[in-house]
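Structure record follows, encoded as structure tokens.
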Amino acid sequence: MDGLLLDTEILWHSAEQELFRRHGGEFSWDDKMAVIGTSFGFTARYFAERLRRPESDGTALVNEMMAIMHAELERDVRGRPGAVELVTRLRGRTRLGLASNSPRLLVDTALTTAGLLGVFDAIVTSDDVQSAKPAPDLYLLACERLGVAPGEALALEDSASGVAAAKAAGLTCIAVPQFAEADVSAADRVIDSLEELLAEA
């Protein structure tokens, strides 16, 4: 969802900058690249270390950032180029699933604001699995709920963590990185925009 379907990565960056500002730190673009697409646990440890706080404070820091992000998502969320058109074109022609490292509250809020809540046949979030991306759990559960074998499914991803999860689950993966710094070389195919897939859909 984040950075692939919806243009939320800039909102995440804003929320992360605000969190660090509140705690006397400065969140850089390198920090952004370090946590993009990673799990709640990884981000919690990273934030605690960067803000020179005990590791036990990491969960509270991420929860604070989530609250900031939730307020942002309630205001406005826009689709990435070609995303809404592609989903609309595929809806009813194939089963569509969403597998996100974000928690259910943020996923539902973002999809509601963007007008896409009822589009997917299955939605799986970090709340539904023990291990989020780069572990394969999200994709395996999404495929199970869609009633398709992983080898017959296609994943669209924008981060190294997401590509790793999709490939570990046995899916074919097309990467659509929003940022040039993202290493998505493990994907089966890399494209610049979802608009490229509209001609093939």
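The values are calculated or read from the model by the stated rules, or taken from the named source; none is laboratory data. Quick caveat: nothing in here was measured; it's all calculated off a predicted structure. Using ideal geometry, Cβ is built from the backbone for each residue, glycine included, and neighbour counts are taken over all protein chains shown. Heavy atoms of the whole protein, side chains included, go into the accessibility calculation; ligands, DNA and RNA do not. Shrake-Rupley method; radii C 1.70, N 1.55, O 1.52, S 1.80 Å.
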I need the P(r) histogram for the chain: all alpha carbon pairs, bin width 10 Å from 0 out to the longest distance, whole percents.
9, 36, 39, 14, 2, 0
Using a ≥ b ≥ c from the Cα gyration tensor of the stretch 1-48 (square roots of the eigenvalues), is it rounded, prolate or oblate, where a/c under 1.5 gives rounded and otherwise the larger of a/b and b/c decides, a/b for prolate?
oblate
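With an 8 Å cut-off on Cα pairs and a minimum separation of 6 or more residues, tell me the relative contact order of the chain in percent. Can you show the working numbers first?
Working: 322 pairs, mean separation 40.6, N = 201.
Once divided by the residue count of the chain, the mean separation gives 20 percent.
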Could you sort 134-143, 60-69 so that the peptide with the highest average Cβ count within 10 Å comes first and the rest follow in order?
134-143, 60-69
With the Cα gyration tensor of the stretch 1-99 in hand, convert its eigenvalues to equivalent ellipsoid semi-axes via √(5λ) and list them largest first in whole Å.
30, 14, 11
Report, largest value first, the span of the C-alpha coordinates of the stretch 85-164 along each principal axis, in whole Å.
29, 29, 22
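Whole number please: convex hull volume per residue, Cα atoms of the stretch 134-201, in Å³.
Details: hull volume 5.4 nm³, N = 68.
Value for the stretch 134-201: 79 Å³ per residue.
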Using modelled backbone amide H atoms (1.01 Å from N, in-plane), which distant-in-sequence or interchain residues come within less than 5 Å of ILE123's amide H?
LEU98
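Taking Rh as the Kirkwood radius, which is the inverse of the mean 1/r over Cα pairs, what is the Rg/Rh value for the stretch 93-136? Spell out each step's value before the answer.
Details: Rg = 10.9 Å, Rh = 11.0 Å.
Reported Rg/Rh, Kirkwood definition of Rh: 0.99.
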Table column - 3J(HN,Hα) (Hz), the stretch 179-189, Karplus curve with 6.51, -1.76, 1.60, x for Gly and Pro:
10, 4, 6, 6, 8, 10, 5, 7, 6, 6, 7
Phi angles of the stretch 164-170, converted by Karplus (6.51 cos²θ - 1.76 cosθ + 1.60, θ = phi - 60°) into ³J(HN,Hα) in whole Hz with x for Gly and Pro, give 4, 5, 5, 5, 5, 7, x
Sort ASP127, ASP108 by accessible area with a 1.4 Å probe, largest first.
ASP127, ASP108
Other-chain or far-sequence residues with amide H under 5 Å of THR38's (modelled H)
none
What is the set of long-range amide H partners of ALA155 at a cut-off below 5 Å, with H atoms built 1.01 Å from backbone N?
THR172, CYS173, ILE174
Rounded to whole Hz and in sequence order, give me ³J(HN,Hα) for the stretch 68-77 from the Karplus expression 6.51 cos²θ - 1.76 cosθ + 1.60, θ = phi - 60°, writing x for Gly and Pro.
4, 5, 4, 4, 5, 5, 5, 7, 6, 9
